[in-house]
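Enquirer: There's a structure below that I have some questions on.
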Amino acid sequence: MDALHHYFESGGWPIMVSILSVLVISLGLVVERAFRLWMVYDLVNSDGFMAMVQKMVMNNSIENAIRLCKKARPKLLPHVLAEGLKRSNDSTQEISNAVDQAVLTVLPQITTRVSFLATTANVATLLGLLGTIFGLMRSFAAVAKATGAQKQTLLAEGISEALNATSFGLSTALFCLFCYGVLTAKQKSIVDDVNKNASKLVDLLYTRKMKLKGTKKA
């Protein structure tokens with residue numbers, strides 16, 4: 001704790017506390033988004049789930065497929081599939097429109113707030129640079145006013161303040177950018193999975209409709 005206290009003190013309390021606030025906000029955002037993307041929204045075995053839905057649809061067990069999707073909520077893919085299944089007796093265009101609407105409804109839940117990490121990364125960087133400027137200003141003031149050993153001490157303190165603030169700001173920015181990249185990749189994976197299986201459902205319901213027409217004609 002003493003080392004941490006000294007680190008913050010040597011970096012300048014106003015700047016260091018500001019960067020720490022940015023770090024805490026970013027960390028809270030990362031934890032919340034990671035929990036929702038990995039634990040709440042993502043359906044891990046989407047292929048297996050889609051296979052179960054396909055089997056029920058081809059057996060004309062639409063209601064069972066809808067119930068299966070409802071049980072899997074709040075996962076996002078089952079919500080999209082359920083909206084399409086509810087329109088299974090409508091035209092293919094109406095089914096497609098319902099699925100597209102469901103996809104547009106769930107997308108904001110996936111993408112919300114992640115882009116804010118890019119902002120916090122920039123803010124942390126700029127705060128670090130601001131701390132650098134303050135430290136250099138302190139160093140130049142020491143050179144201008146102090147003399148002898150006092151000048152060297154104040155100069156060293158100013159440079160230490162500049163370097164500590166810069167290092168803390170850049171470290172926070174790196175953390176934010178890394179988490180931003182990881183979360184962005186995950187949300188893209190979920191969106192791609194939802195879009196892929198939503199398209200499969202539209203094709204599946206179209207195939208079922210054609211199969212039923214062929215059965216009636218026979």
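Enquirer: If I ask for residues that are surrounded by fewer than 18 Cβ atoms within 10 Å (Cβ to Cβ), among the polar types (S, T, N, Q) and in a helix (DSSP H, G or I), which ones from the range 113-137 would you list?
Expert: 119, 122 - these are the residues of the range 113-137 that are surrounded by fewer than 18 Cβ atoms within 10 Å (Cβ to Cβ), among the polar types (S, T, N, Q) and in a helix (DSSP H, G or I).
Enquirer: Can you say whether residue 170 is touching a helix residue (DSSP H, G or I) at 6+ places or on another chain (Cβ under 7 Å), farther than 30 Å from residue 85 by Cβ, touching a residue at least 24 places away in the same chain (Cβ under 8 Å) and in a helix (DSSP H, G or I), as far as the supplied structure shows? So that I can check it myself, show each step before the final result.
Expert: Values: touching a helix residue (DSSP H, G or I) at 6+ places or on another chain (Cβ under 7 Å): yes; farther than 30 Å from residue 85 by Cβ: yes; touching a residue at least 24 places away in the same chain (Cβ under 8 Å): yes; in a helix (DSSP H, G or I): yes.
In short, yes.
Enquirer: If you don't mind, another one. Within the range 84-103, can you find the residues that are within 16 Å of residue 54 (Cα to Cα) and of a type in the set (D, E, K, R)?
Expert: Listed by number, the residues that qualify are 86, 87.
Enquirer: Go through 181, 214 for me and flag whichever is on the phi < 0 side of the Ramachandran plot, assigned to a helix (DSSP H, G or I) and modelled with pLDDT of 95 or more. Full working, then the answer.
Expert: Numbers: 214 fails: modelled with pLDDT of 95 or more.
Selected residue: 181, the only one of 181, 214 that is on the phi < 0 side of the Ramachandran plot, assigned to a helix (DSSP H, G or I) and modelled with pLDDT of 95 or more.
Enquirer: Are there any helices (runs of 4 or more DSSP H) wholly within the range 15-94 with 2 or more residues that are in contact (Cβ under 8 Å) with a residue 60 or more places away in the chain, and if so which?
Expert: Numbers: elements: 46-58, 62-71, 76-85.
Fully inside the range 15-94 and qualifying: 46-58, 76-85.
Enquirer: Output yes when any residue across the range 13-31 is of a type in the set (A, V, I, L, M), under 14 Å from the mean Cα position of the chain (by Cα) and within 25 Å of residue 200 (Cβ to Cβ), and no when none is.
Expert: no
Enquirer: Can you confirm whether the range 158-179 contains a residue that is surrounded by fewer than 13 Cβ atoms within 10 Å (Cβ to Cβ) and not charged (D, E, K, R)?
Expert: Among the residues of the range 158-179, not one is surrounded by fewer than 13 Cβ atoms within 10 Å (Cβ to Cβ) and not charged (D, E, K, R), which makes the answer no.
The values are calculated or read from the model by the stated rules, or taken from the named source; none is laboratory data. Everything quoted here is computed from the prediction, not taken from an experiment. In this analysis, Cβ positions are derived from the backbone assuming ideal geometry, glycine residues included, and neighbour counts consider all displayed protein chains.
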